[in-house]
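Notes follow once the structure below has been shown.
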Amino acid sequence: MRRVSLRKVCEYQLYALAFALPFEFYIHGRERSLLTTLKLQILVLFVTWTATKLIETRARPETARNRIMGLLPDRFLPAVTALILVQSLSAALAPAFRGNAIEAAAKMMLGAFFALLVGDVVLGSRPQDDRSDNPAMSTLLALSVSGTCVALLGLGELAGIGFFARIAHVFQPSKFNLGQHLRLVSTMEYPNTAGSFLSVALCATLALTSFSGTVRERKWSIASVAVVGIQGIALAFTYSRGAIVSTIIAVAVASAMSKSWIRGAQGRIAQASCLAVLLGGALAAYYVHRASEHTPRTQQRIARFGLQGAEEVMSLHPALTYGETIAVQNDSCCTWRKGTYGVGYRWHNLSSNENSSPQIGTDFTSDLAPSELARVQVALRTPPQAGEYFLIWFVFQRSDQVREVKDSYSPGILCIIHPAGTDAGRAITDKARRYLGAIREERRSLNGAQVPTRGELWSVAIRMFRQRPILGMGPDNFRLLKWKYMEVPQGDETILANSTYLDLLSGSGILGIAAFAWLMWEFGRGVARRLSPGASHSDWILGYFGTAYLTGFLSHGLVDYFLKFTPTFLLFWLVVGIVCLGGRASAENVCADRL
């Protein structure tokens, strides 16, 4: 009884994790801690699952071993092992940011282990009745319900309903515009990430809808037609062209491959309605993107600051002079002459709301023409009093007196000035946190005009690959290295290659992309087994969902990369676990092991 109860706890933790994927909460704030609710859930699930396996192994070691062996498809283990080994070797030989690359390789290994854990939970809890209390089906249902909640919160926020906005802002407070149109982001970090999750939730809903058998299932499928509409409309309002188009392709391919197994008119109605909504969403997204290209920017700056000039939070001591290297780009139409122009700064005291007088950091030692970039060493003198300050950089001009050049100032940098020997990691005040949130919104707005295009990012990825074609620059290092290949100051390090394949190619080279292709091939083989003749009812559902997910993932991967973000990264390995691994052993072997 104890062993069964532990397995049930694992099941419910898996459902809770699947539901919570889009609701990641940073427990101590993004700027201070990486501890999140998702990572805490994974840790608790791992502890419970480990205890379950220890008890099962002690009770019946042969059965536990057979279950693990039956869990693994023929060539899945070599494929995932090859991917991990290539990622690890690439990280160990990375020419720069080796620590970051090693963390990314370790994350990939943990993801593969998570897939095995999920597969074991699904396999070990599989009932004799293929339709009732099936963990794989319950996991898909959790994804569908979670996607519906994300859709309703996002649509409510777009409609201006404060209740929905307040809930969404618990998980992320940012807003994203495309021209004059507000994009749906709901509880997730970016609109494209929200689009990716809604796409998967929509595919899960369609899979559960399209294979209704019992009267109870048919009632659910009829109600789920409305759910499909809600999720499809929310996906359209993300204005993510990649997510919308890839979902259209995914639904079309999965429906075509599974049409002989689809039961009931409501399933076909749901699929047709979904495609109609998404086609309308694709046209709307195309129109909004085209209109945004002709929308004037609301904020214009004539200087762009990078390196230390683009930091968000700094910890400094009072009444000291620091030497800082910053990058500044001339975005004006005039040349900044040496000896006449330079870089200055001022302090804003958050407690008194007073600004210091402008101070000179350095003069330009050479002329800086429009669009040119200079890296300069500045002398930064901190205020004499401890406290919380904002540091503002700007370009100054000498004439009769030194004056700040209009619209040349940078977004603020929160500086914690504290005496030597005191704790620099203390929590910032609520006022500073509010200011920091506003500054981040300002940076995000300014970066809208400064974000490299996909073409520029792809060109940089290809250049990195050509420089190290076999093992690349190290996993996850594209986002850190890209600025060295561009003639712009260092900026947002969260910007990725906007292509799964080019990110892998630049990060781990030919070997990395080959290992990933092998894993995707094994994923496809696992899906094909679900759609083979004589497959069970749940296999039909998982086959449809797996086909849709794989098609959408590979097609969306042409223009986006989501294995960096924890929710979508976990979602990938979760799907691998329930589609490819869970259910490899025969039902007789599993049932013989149940109490």
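Descriptive notes on the structure:
- Cross-link pairs exceeding 22 Å in C-alpha to C-alpha distance, out of K431/K564; K175/K406; K338/K406; K8/K107; K107/K484; K175/K484, comprise K431/K564; K175/K406; K8/K107; K107/K484; K175/K484.
- For K175, no residue has an amide H sitting under 5 Å from its own, ignoring neighbours fewer than 5 places away on the same chain, with H placed 1.01 Å from N.
- Accessible surface of E441, taken over heavy atoms with a 1.4 Å probe and every protein chain present, rounds to 70 Å².
- Förster-model FRET efficiency, 35 Å R0, V170 and T422, C-beta, rounded to 0.05: 0.65
- Placing pseudo-labels 7 Å out from each Cα toward the beta carbon at F113 and A517 gives an inter-label distance of 3.0 nm.
- The slack in the chain from I55 to S532, taken as 0.36 nm per residue of separation less the alpha-carbon distance, amounts to 168.2 nm.
- Across the accessible surface of the range 319-447, with the other protein chains kept in place and a 1.4 Å probe, carbon and sulfur atoms take up 48 percent.
- Computed E for T340/K484 - FRET, C-beta separation, R0 30 angstrom, nearest 0.05: 0.50
- For the range 311-328, backbone phi angles converted through the Karplus equation (6.51, -1.76, 1.60; θ = phi - 60°) give residue-by-residue couplings of 5, 9, 9, 10, 10, 9, 9, x, 6, 10, 10, 10, x, 10, 9, 10, 10, 9 Hz, Gly and Pro being listed as x.
- Counting every alpha-carbon pair across the range 454-572, the share separated by more than 17 Å comes to 60%.
- Contact order relative to length of the range 72-211, as percent, for alpha carbon pairs under 8 angstrom and 6 or more apart: 17 percent
- J(HN,Hα) series, the range 527-542, from Karplus relation 6.51 cos²θ - 1.76 cosθ + 1.60, nearest Hz, glycine and proline x: 5, 4, 5, 5, 9, 6, x, x, 5, 7, 4, 5, 5, 4, 4, 5
- Residues with amide H under 5 Å from that of I470, placed H, sequence gap 5 or more: I510
- Chain lengthening between A379 and A106 when straightened (0.36 nm per residue, less Cα-Cα): 94.3 nm
- For the range 296-420: relative contact order, % (alpha-carbon pairs under 8 angstrom, 6 or more apart): 35 percent
- Solvent-accessible area per residue for the range 133-201 (1.4 angstrom probe, square angstrom): 35 Å²
- Here the scattering of the range 307-397 is modelled by Debye summation over its C-alpha atoms, one equal scatterer each and no solvent; at q = 0.18, 0.20 Å⁻¹ the log10 of I(q)/I(0) is -0.81, -0.96.
- Placed amide H near Y322: partners under 5 Å, 5+ positions off or other chain: L380, R381, T382
- For the range 301-310, the Karplus equation 6.51 cos²θ - 1.76 cosθ + 1.60, evaluated at θ = phi - 60°, returns couplings of 10, 9, 9, 10, 10, x, 6, 5, x, 10 Hz by residue, with Gly and Pro reported as x.
- Estimated inter-spin distance, I462 and L558, nm [label 7 Å along Cα→Cβ]: 1.6 nm
- With the highest mean first, a sort of the peptides 111-117, 45-51 on other beta-carbon atoms found within 10 angstrom per residue produces 111-117, 45-51.
- Calculated FRET value between A226 and I470, using beta carbons and R₀ = 45 Å, to 0.05: 0.30
The values are calculated or read from the model by the stated rules, or taken from the named source; none is laboratory data. Just so it is clear, the model here is predicted, and its values are computed rather than measured. Note that each Cβ is placed from the backbone with ideal geometry, even for glycine, and that neighbours are counted across all protein chains shown. In case anyone asks, the SASA skips ligands and DNA or RNA and just uses the protein heavy atoms, side chains included. Shrake-Rupley method; radii C 1.70, N 1.55, O 1.52, S 1.80 Å.
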